[in-house]
1. Give me a count of the residues in the range 76-104 that are of a type in the set (S, T, N, Q) and surrounded by 15 or more Cβ atoms within 10 Å (Cβ to Cβ).
2. Out of the residues in the range 68-89 that are in a helix (DSSP H, G or I) and not aromatic (Phe, Trp, Tyr), which is modelled with the lowest pLDDT?
3. Across the range 45-67, which residue is nearest to residue 28 (Cα to Cα) among those that are assigned to a loop (DSSP other than H, G, I, E, B) and under 12 Å from the mean Cα position of the chain (by Cα)?
4. Of all residues in the range 60-75, which are surrounded by 16 or more Cβ atoms within 10 Å (Cβ to Cβ) and free of Cβ contacts under 8 Å to residues at least 40 places away in the same chain?
5. So, in the range 90-102, exactly how many residues are among the aliphatic types (A, V, I, L, M) and either assigned to a loop (DSSP other than H, G, I, E, B) or closer than 10 Å to residue 21 by Cβ (or both)?
Amino acid sequence: MRSIQLTRYIYQMGNDLVICVQNENGHIGSIVTGEPYYKNKELHVTYNTWNRLSHKDDCVAKLYVEKAVKKYKCVVSCVCGIHLDNITKEEMNEIMVWVEKDLLCL
């Protein structure tokens, strides 16, 4: 199995956040923006998602957006681009394990 090196950066834009997640072949694959709102006194997140054709990076971006919106109660956009040609199920699992651990540090 190939070594996968992921990085995550967070930038503040006024009161909002931009999160970038990528590997060494990073690019803009998906952008997910979330905004907090309250319904029945409970915090929820509404999403807008944009994917490049045949990209599925939103599955990672949405996890970051949900966690950050609920924690920081602000608008959050995540730009995600993780590219591996012919990715295997094991490699995808490795990425998701990294993401889950990284979300604990958010």
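1. 1
2. Checking each candidate, the answer is 89.
3. Out of the qualifying residues, it is 57.
4. Within the range 60-75, 60, 62, 66, 67, 69 meet the criteria.
5. Residues meeting the conditions: 2.
The values are calculated or read from the model by the stated rules, or taken from the named source; none is laboratory data. Just so you know, these numbers come straight off a predicted model, no measurement behind them. Backbone-built Cβ (ideal geometry, glycine too); neighbour counts: all protein chains shown.
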